Each structure stands twice: as C-alpha cells, then as structure tokens.
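K.L.:
Below you'll find the structure I mean.
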Amino acid sequence: MSTNPLKPPQQTQEPRLSGTPEREHQPRIPDASSEARLLEIRREAETRGTVMRPGIRPAGAPFPVASPETGYYGIHLLKEPQWTPEIPLYFFVGGAAGSAAVIGAVADWIGRDPELARSARWLAFGGAIASSALLITDLGRPSRFLNMLRVFKRQSPMSVGAWTLAAFGGAATASAFAKAAEERFGSHFPISIIGNFGQFFSALFGLPFHNYTGVLIGATAIPVWNQNISTLPIHFGMSGVQAGVSMLELMGHRRSRALNLLGIVSTLFETWEGFHLETRDEAALRPLKDGPSGWVTRTGGMLSGPMPLFLRLLASVSANRAPRLRRWAAISGIAGSLLTRYGWMAAGGSSARDWRLPLEVPERQAIQQPRTISEMERKAA
C-alpha cells in the first residue's frame with residue numbers, strides 16, 4: 001500500500017482509562033462568571049485593602065491553616081542564634097581585656113602608676129588568649145578562625161571583630177612580654193620600642209574590642225537586639241569597663257581613686273540603661289523583662305548598676321571601710337557584667353522564637369500607605 005510523502009501522518013489518540021471522564025484531561029477555560037468574580041475581588045482589595053472572601057479548601061485536605069493565633073503555621077520566621085554558651089563568656093572576657101589595655105596605657109602615660117599599668121597589661125594579655133580560645137571553641141577548629149582572616153569586610157561586624165581580636169592579641173602579647181623584659185634586663189632600644197608600640201596598639205585596638213560585640217548582635221534581624229542597636233555598643237562597652245576595673249581592684253588596686261571614679265561612671269551608665277529599658281513599653285523588649293531571660297537580665301542589671309554604684313559612693317566617703325566596700329562592689333560588678341551577656345543572649349533566642357515581632361507594622365506607617373491602586377499611581381506620578 002503506497003503512502004503520500006507530502007501528507008502528514010495522522011496522530012493516533014492514546015487509549016483512555018476506563019471510568020475516567022474525558023473532561024478531566026482538558027484544561028478549564030474561565031467563563032464570564034469566573035472573570036466577574038475575579039473583578040469583584042480586585043475591587044474589594046482596592047477599596048478595603050483586604051479581601052474578606054474565603055478561599056477554596058477541599059474538605060479533608062491536610063493543608064495547615066494559618067491564623068493570627070498560630071502565625072505562619074506555628075513556625076517562627078527568624079532563626080535562633082546558633083552560638084554556643086562560650087560566646088557570652090567571650091563577650092565578657094573581651095570587654096574586660098580591651099578595657100584593661102586602655103586603663104593600663106593611661107596609667108603608664110598619665111597616671112605614672114607602674115604597678116597598675118603592669119597588672120593591666122597582664123590582664124589584657126590573659127584576656128586576649130582566653131578570648132581566642134573561647135572563639136575557637138565555638139567555631140570548632142582553629143582553621144575556621146584563620147579562614148575568617150582571609151578577607152576583611154568593613155561592613156561586616158564579625159569580620160571587623162575577628163581582625164580586631166587578632167591585632168589586639170598580638171599587640172597585648174608584645175606589650176606584656178616586652179615590658180616584663182625591660183623591667184628584668186633594663187631598658188634597651190629594641191625592647192623599649194617593642195613595648196611602647198605594643199602598649200599603644202593594644203590600647204588602640206582595645207577601644208573597639210571592648211564594645212564591638214554590641215554592634216555585632218545589634219546588626220542582626222532579631223527584634224530585641226535590633227531595637228537597641230543605638231545603645232548596645234555603649235552598654236556592652238561600659239559593662240566591659242566595669243569588669244576591667246573590678247578585676248584590677250581584686251588584683252590589689254583598691255586604693256586608686258581614679259579606678260573608683262571610673263567604676264562610678266560605668267555603674268551610673270548601667271543604672272541609666274536599666275532604667276531606660278524598664279520604662280520603654282515595646283513588644284520587642286518583652287524577652288528582657290519576662291521569663292528566664294528577663295530574670296537573668298534584670299539580675300545582671302541590678303548587680304552591675306545600682307548595687308555597685310551605692311557601694312562605690314559609700315566607699316568614696318568612708319576611707320576606713322573603702323577597701324572592703326570596693327571589693328564587694330568589684331565582685332558585684334563582675335557578676336553583673338557576666339550575667340548581662342548571658343541575659344541578652346537568652347533574650348535573643350526568646351525574641352527569635354516569637355513569630356509576632358517580625359510581622360508587626362507601625363500604625364503610623366500603615367495609615368500613611370495609599371489604599372487604592374489609583375492612589376499609588378498618582379503618588380508615583
């Protein structure tokens with residue numbers, strides 16, 4: 001049987017399963033009623049800003065139902081901080097070490113207090129070593145910390161912090177050992193140059209190292225941290241100053257009036273910061289006031305603010321009991337500074353688990369938004 005090569009071959013229809021209606025295999029073409037309903041929904045969205053018509057949900061479907069009570073299917077939108085418990089301790093030790101480096105340099109250059117300067121140098125050196133160990137413990141391997149130093153990102157607080165730690169650790173080590181060698185073997189040109197440069201750069205890098213952790217957590221999307229980004233660096237910085245002063249006092253420097261004055265300034269700010277947080281009625285600050293994170297944060301604020309402030313003011317007017325009062329103020333300040341770091345970290349986890357906070361829109365912003373498409377077009381024009 002001959003076939004015409006110019007005639008296209010006829011397409012054979014695939015067999016259809018028995019019992020299956022043919023209309024299920026054909027796409028549904030919207031009719032006039034569907035188009036009219038879609039137009040009504042669009043007009044309702046333009047005029048009211050929302051659509052009140054319920055969607056289609058097949059009976060018995062396993063789809064979860066989203067509601068204002070359960071949020072996005074009961075799942076929080078933000079990821080909780082993955083840091084290990086060593087990180088709040090790293091924040092605490094780094095703040096104290098950076099503050100001690102600055103205190104030691106000022107005591108050597110202006111105060112002419114070699115004993116205080118020596119203790120501060122060794123405290124800064126020990127804090128730099130401990131900070132590096134704590135950070136590597138959180139990362140898991142030393143190679144991961146070295147990988148952080150392959151590039152420098154000015155806009156990244158974590159990258160800036162890693163480089164600051166490396167520079168501060170090297171300068172604090174050089175300062176401590178060079179000054180110790182100078183005291184043992186006498187002042188020689190190479191040793192004195194290394195010691196002076198090490199002391200200068202340890203103080204220079206100690207300034208950002210003692211408070212950069214406040215910028216680090218404030219630059220995240222976690223509401224309780226991001227809402228306090230303007231005060232967290234100063235808060236963590238003053239807490240670090242108080243920890244450094246308290247450690248130096250426990251090392252035997254409880255007669256220095258300059259240290260006590262510096263402790264009074266830091267406790268005054270911590271008291272004001274606690275008052276500022278307590279008087280603000282914001283939903284994002286709930287983790288700082290409620291639950292376990294609230295108890296830890298409030299206890300840390302009391303131990304680092306009003307209590308050491310009262311003891312230091314009393315020590316400044318009572319010369320006989322000043323050493324003992326300052327010792328108790330130092331113990332309270334160290335405990336409060338440490339609890340403050342753990343309290344803020346716990347509050348961050350609690351804030352990330354609250355799915356309501358990232359979805360909140362200020363009322364003023366909602367009122368100012370145009371409600372119809374025509375208004376949006378006029379505004380854009």
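The values are calculated or read from the model by the stated rules, or taken from the named source; none is laboratory data. Predicted model, so just to flag it, every value in this text is computed and none were measured. No Cβ is skipped: glycine too gets one built from the backbone with ideal geometry, and neighbour counts run over all protein chains shown.
K.L.:
Is there a residue being at pLDDT 85 or above and either in contact with a Gly (Cβ under 9 Å, 6 or more places away or on another chain) or among the polar types (S, T, N, Q) (or both) anywhere in the range 70-80?
P.N.:
Checked against the condition, which is being at pLDDT 85 or above and either in contact with a Gly (Cβ under 9 Å, 6 or more places away or on another chain) or among the polar types (S, T, N, Q) (or both), the range 70-80 yields at least one hit.
K.L.:
What are the pairs with Cβ atoms under 9 angstrom where one residue, in the range 121-147, is of a type in the set (Asp, Glu) and the other, located anywhere, is part of a helix (DSSP H, G or I)? Sequence gap at least six, or different chains.
P.N.:
From residues that are of a type in the set (Asp, Glu), the pairs are Asp138/Glu86; Asp138/Ile87; Asp138/Tyr90.
K.L.:
Specify the residue that is nearest to Pro114 (Cα to Cα); the eligible residues are those in the range 250-278 that are within 25 Å of the chain's Cα centre (by Cα) and hydrophobic (A, V, I, L, M, F, W, C).
P.N.:
Val265
K.L.:
Okay, next question. Considering only residues of the range 106-131 that are surrounded by 24 or more Cβ atoms within 10 Å (Cβ to Cβ) and of a type in the set (Gly, Ala, Ser), which is modelled with the lowest pLDDT?
P.N.:
Step by step, filter the range 106-131, then rank; the result is Ala107.
K.L.:
Looking only at residues in the range 179-219 that are surrounded by 18 or more Cβ atoms within 10 Å (Cβ to Cβ) and not in a helix (DSSP H, G or I), which one is nearest to the chain's Cα centre (by Cα)?
P.N.:
Taking the candidates together, the pick is Asn211.
K.L.:
From Thr173, Thr164, Thr137, which residue is touching a helix residue (DSSP H, G or I) at 6+ places or on another chain (Cβ under 9 Å), over 30 Å from Asp108 (Cα atoms) and among the polar types (S, T, N, Q)?
P.N.:
Values: Thr173 fails: over 30 Å from Asp108 (Cα atoms); Thr164 fails: over 30 Å from Asp108 (Cα atoms).
Among Thr173, Thr164, Thr137, only Thr137 is touching a helix residue (DSSP H, G or I) at 6+ places or on another chain (Cβ under 9 Å), over 30 Å from Asp108 (Cα atoms) and among the polar types (S, T, N, Q).
K.L.:
Where residues in the range 156-178 are closer than 18 Å to Ala97 by Cβ and of a type in the set (S, T, N, Q), which of them is surrounded by the most Cβ atoms within 10 Å (Cβ to Cβ)?
P.N.:
Going through the qualifying residues, I end up with Ser175.
K.L.:
Separate question: Could you identify the single residue in Ala329, Ala283 that is modelled with pLDDT of 90 or more, within 28 Å of the chain's Cα centre (by Cα) and not basic (Lys, Arg)? It would help to see each step written out before you state the result.
P.N.:
Details: Ala283 fails: modelled with pLDDT of 90 or more.
It is Ala329.
K.L.:
With the checklist (1) over 24 Å from Thr271 (Cβ atoms); (2) at pLDDT 75 or above; (3) surrounded by 14 or more Cβ atoms within 10 Å (Cβ to Cβ); (4) not acidic (Asp, Glu) in hand, flag the one item Thr372 doesn't pass.
P.N.:
Among (1) over 24 Å from Thr271 (Cβ atoms); (2) at pLDDT 75 or above; (3) surrounded by 14 or more Cβ atoms within 10 Å (Cβ to Cβ); (4) not acidic (Asp, Glu), the lone unmet condition for Thr372 is (2).
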